[in-house]
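Structure record follows, encoded as structure tokens.
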């Protein structure tokens, strides 16, 4: 592996909202192309990479429950939205001559492979980008939890959380000008203070498997590559 990379294998969690680009709904092709290029640059460092995609740009399952509908149905609809994003990302990668395979936690065999740890690990070891959609395949779990689970299953050295801001803050920096930005935190800090990193189940799973969580802004040019190189603006969450 290239000496420029700080990690051997990483799991990138990218939200559906990040794929909006400048749109209000759906997928921005320019943003998807840029994400694919960033992933390709990480591969060139010699780092193996898996990606978990959210679906909030298309549908948020929790909204069904909030409006009085069935939570399980809503979550299944949200999983299908992540599969749509996964298909788009896989094709964007392949268009850029980057080998990629899409796996889904929710079984849709006519669309893509169903996730198994054995097959996904083999694909990653063979140099493919492993795109994971469909969450965990179960309702009541977020795609953040799905990302932490896949990072553990795939033996990743870090879980990279791509967001709209350059790290973790004490409050939303868009509405609180005095919000404090953190360079480093512990899992205990995040869980105790309820900081907006990932949901508690995801943080606990990362903690239990000693997987650092690195939070950075996907909107910053070359941010993903810099994070994989162990530099750039980000918040790193570890045991301390």
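The values are calculated or read from the model by the stated rules, or taken from the named source; none is laboratory data. The model shown is predicted, which means the values in this text are computed figures rather than measured ones. Positions of Cβ are backbone-derived with ideal geometry, glycine not excepted, and every protein chain shown enters the neighbour counts.
Before moving on, here are some points about what is shown:
- Residue, nearest to residue 90 (Cα to Cα), within the stretch 66-78, restricted to residues that are surrounded by 16 or more Cβ atoms within 10 Å (Cβ to Cβ) and touching a helix residue (DSSP H, G or I) at 6+ places or on another chain (Cβ under 9 Å): 78
- Condition met for residue 94 (within 20 Å of the chain's Cα centre (by Cα) and farther than 13 Å from residue 133 by Cβ): yes
- Checking each residue in the stretch 207-233 for being over 20 Å from residue 48 (Cβ atoms) and in a loop (DSSP other than H, G, I, E, B) picks out 219, 220, 221, 233.
- Across the stretch 37-57, the number of residues qualifying as free of Cβ contacts under 8 Å to residues at least 60 places away in the same chain and under 17 Å from residue 71 (Cα atoms) comes to 1.
- Options 34, 23, 60: the member that is surrounded by fewer than 20 Cβ atoms within 10 Å (Cβ to Cβ) and in a helix (DSSP H, G or I): 34
- Residue list for the stretch 202-240, restricted to those being surrounded by fewer than 19 Cβ atoms within 10 Å (Cβ to Cβ), at pLDDT 95 or above and in contact with a helix residue (DSSP H, G or I) (Cβ under 6 Å, 6 or more places away or on another chain): 209
- Residue that is farthest from residue 217 (Cα to Cα) [pool: residues in the stretch 152-169 that are without any contact (Cβ under 8 Å) to a residue 60 or more places away in the chain and in contact with a helix residue (DSSP H, G or I) (Cβ under 8 Å, 6 or more places away or on another chain)]: 153
- When the residues of the stretch 127-147 are filtered to those that are touching a strand residue (DSSP E or B) at 6+ places or on another chain (Cβ under 9 Å) and more than 10 Å from residue 52 (Cβ to Cβ), the one that is surrounded by the most Cβ atoms within 10 Å (Cβ to Cβ) is 129.
- Unique residue being over 23 Å from residue 213 (Cβ atoms) and touching a strand residue (DSSP E or B) at 6+ places or on another chain (Cβ under 8 Å) when the list is 150, 90, 71, 118: 90
- For the stretch 103-124, residues that are within 19 Å of the chain's Cα centre (by Cα) and assigned to a helix (DSSP H, G or I) total 5.
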